[in-house]
Amino acid sequence: MGSLRWIAGILGVLFGGGIFGGVLGYAVGSALEKMVKKEYNNDGTSGDFMMALLILSAAIMKADRKVMRSELNFVKDFLTKNFGEEGMQNRLDILKQLLDQNIDIYKACEKIRIHFPYSNKLQLIHYLFGIAVADAMCNNDERTMIERIANLTGLSAADYRTIEAMYFDNVDRYYTILQVSRSASDREIKKAYRSMCLKYHPDKVANLGEKAQQAAKERLQQINEAYEKIKAERNIV
């Protein structure tokens, strides 16, 4: 099957037109064909997630109307760690094409909302915040875009606030991370802590590979830190 038919067929199956069918056309044909051969499987989920990830990455990078080198380096480092040097370059070529286009995030978010586990959605929002803070200054436009993506992918408002609190300091951040208020009882805090540990357990993202599991361990460490801070404040045994 020739390059053009690969692109038309795969994009037609995965995304059904729109930005997915138009943006990633012949201009990125060879790079996309390489990626599809490696990532496309019978149900299309691997290819779906990769394309959605690149589209949402571009949306965050463009949210404040300027693409920073630090943001591009963050994504490049992420892709290299997960796919190697060659795999990184293929995907980076596609990302650069997306950065020159008007980004419509709805279909990418819809794919993730319908087809992917909740634990994957949590890791996605962490990844997007990583892009936003790569230049040491996440502005309101970027935060608004990430919150919109969280809503469209089906993440709860409470889980979004938990993730946001891990990146931005505020008076009640430790309570926010555990999704409880300062008025919560010690028993409620212990229950919330156990619930968050289950939600962020590395086994939940085993399907995403070793790197995702390591990231989940780091989030779990932040949850443990929040719990320890609250315990110390309240003298909880």
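The values are calculated or read from the model by the stated rules, or taken from the named source; none is laboratory data. Bear in mind the structure is a predicted one, so any value in this text is a computation, not a measurement. Here Cβ is always computed from backbone atoms with ideal geometry, including for glycine, and neighbour counts include all displayed protein chains.
Data overview
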item: Entirely in the range 141-237, the helices (runs of 4 or more DSSP H) that have 3 or more residues that are touching a residue at least 12 places away in the same chain (Cβ under 8 Å) and either touching a Pro at 6+ places or on another chain (Cβ under 6 Å) or hydroxyl-bearing (Ser, Thr, Tyr) (or both); result: 157-167, 173-178, 210-234
item: Residue match in the range 62-74 (condition: assigned to a loop (DSSP other than H, G, I, E, B), of a type outside the set (D, E, K, R) and at pLDDT below 90); result: yes
item: Residue check, residue 77 surrounded by fewer than 18 Cβ atoms within 10 Å (Cβ to Cβ), of a type in the set (Asp, Glu) and under 19 Å from residue 208 (Cα atoms); result: yes
item: Residue check for residue 163: hydrophobic (A, V, I, L, M, F, W, C), out of contact with any Asp or Glu (no Cβ under 7 Å at 6 or more places or on another chain), closer than 28 Å to residue 110 by Cβ and in the same structural domain as residue 53 (by TED's automatic domain parsing); result: no
